[in-house]
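So the structure is just underneath, and the comments pick up after that.
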Amino acid sequence: MKKTFQTHLEHYGFTDEEIQALVDIATPLDLPTRHILSHQGEVASHIYFVLEGICHASYLTDKGKSFSKEFYWESDWIIGFESLIKQEPLPYLLETLSPVKLMYLPVSTLFQWHTSQHPAYIKLLEAKLMHKENKERFMLLYTPEERYQLFRQNYPELLDRLADYHVAAYLGITPISLSRIKKRLNNTQEN
């Protein structure tokens, strides 16, 4: 587990000394499906790196609705930047959707990267910003059917690993709408 983590840290520009220090403070975690990493309303105390499996962040409303924020899978960092920067509770729930293997580090690690202006901090921020802009464009400029087709194109490996209701929530549609879209696309492909 640690070798994958070390390789990823090398990619982010950490020196051998820094990698060893991070590996020493990182704790491996093996968690089952539906394990809650952080409850909505809690202040983040850790950052995570996904080695295997899928995690999910979702907003929960007072009316019992759930809105999918993001999926995280192999080689993704899970960092609640808003909570960390503002020192406020997370506005979403973070849970596992499959058995997962994670490395977790204390939030103080991220603050050290920020304070020292470590290249990893800048790379993580840039990656998150680009992802957010892409998702914004995805949600605003495409129809639900186009969003589903793009999701299939860009994340084919996730389709078999996620329940339809999770995919629908991520696309901003109901499971019934997703079912209709899939049926329509299947009928189009058959003709």
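The values are calculated or read from the model by the stated rules, or taken from the named source; none is laboratory data. What you are looking at is a predicted structure, and each value in this text was computed from that prediction instead of being measured. Neighbour counts run over all protein chains shown; Cβ positions are idealised from the backbone, glycine included. Surface areas here come from the heavy atoms of the whole protein model, side chains and all, with no ligands, DNA or RNA. Shrake-Rupley method; radii C 1.70, N 1.55, O 1.52, S 1.80 Å.
Filtering the range 1-28 to residues that are in contact with a strand residue (DSSP E or B) (Cβ under 8 Å, 6 or more places away or on another chain) and either in a helix (DSSP H, G or I) or crowded, with 17+ Cβ neighbours inside 10 Å (or both) leaves LYS2, THR4, PHE5, HIS8, LEU22, ILE25, ALA26.
Looking only at residues in the range 62-96 that are out of contact with any strand residue (DSSP E or B) (no Cβ under 9 Å at 6 or more places or on another chain) and among the basic types (Lys, Arg), the one that is surrounded by the fewest Cβ atoms within 10 Å (Cβ to Cβ) is LYS63. The lone criterion from (1) open to solvent by less than 50 Å² (accessible area, probe 1.4 Å); (2) closer than 29 Å to ASP24 by Cα left unmet by SER177 is number (2).
All conditions but one from (1) assigned to a helix (DSSP H, G or I); (2) modelled with pLDDT of 90 or more apply to MET130; the one that does not is (2). On the given criteria, is TYR148 in contact with a helix residue (DSSP H, G or I) (Cβ under 7 Å, 6 or more places away or on another chain), surrounded by 15 or more Cβ atoms within 10 Å (Cβ to Cβ) and either modelled with pLDDT of 95 or more or under 23 Å from GLU82 (Cβ atoms) (or both)? Considered against the rule, which asks whether it is in contact with a helix residue (DSSP H, G or I) (Cβ under 7 Å, 6 or more places away or on another chain), surrounded by 15 or more Cβ atoms within 10 Å (Cβ to Cβ) and either modelled with pLDDT of 95 or more or under 23 Å from GLU82 (Cβ atoms) (or both), TYR148 comes out as yes.
Here is the figure for the range 113-138: residues that are open to solvent by 70 Å² or more (accessible area, probe 1.4 Å) and either in contact with a Phe, Trp or Tyr (Cβ under 6 Å, 6 or more places away or on another chain) or of a type in the set (A, V, I, L, M, F, W, C) (or both) total 5. Does TYR165 satisfy being within 23 Å of TYR59 (Cα to Cα), open to solvent by less than 50 Å² (accessible area, probe 1.4 Å) and assigned to a helix (DSSP H, G or I)? Considered against the rule, which asks whether it is within 23 Å of TYR59 (Cα to Cα), open to solvent by less than 50 Å² (accessible area, probe 1.4 Å) and assigned to a helix (DSSP H, G or I), TYR165 comes out as no. Can you find a residue that is over 15 Å from ILE78 (Cβ atoms), touching a residue at least 12 places away in the same chain (Cβ under 8 Å), small (Gly, Ala, Ser) and open to solvent by 40 Å² or more (accessible area, probe 1.4 Å) anywhere in the range 29-48? The answer is yes, given that some residue of the range 29-48 is over 15 Å from ILE78 (Cβ atoms), touching a residue at least 12 places away in the same chain (Cβ under 8 Å), small (Gly, Ala, Ser) and open to solvent by 40 Å² or more (accessible area, probe 1.4 Å).
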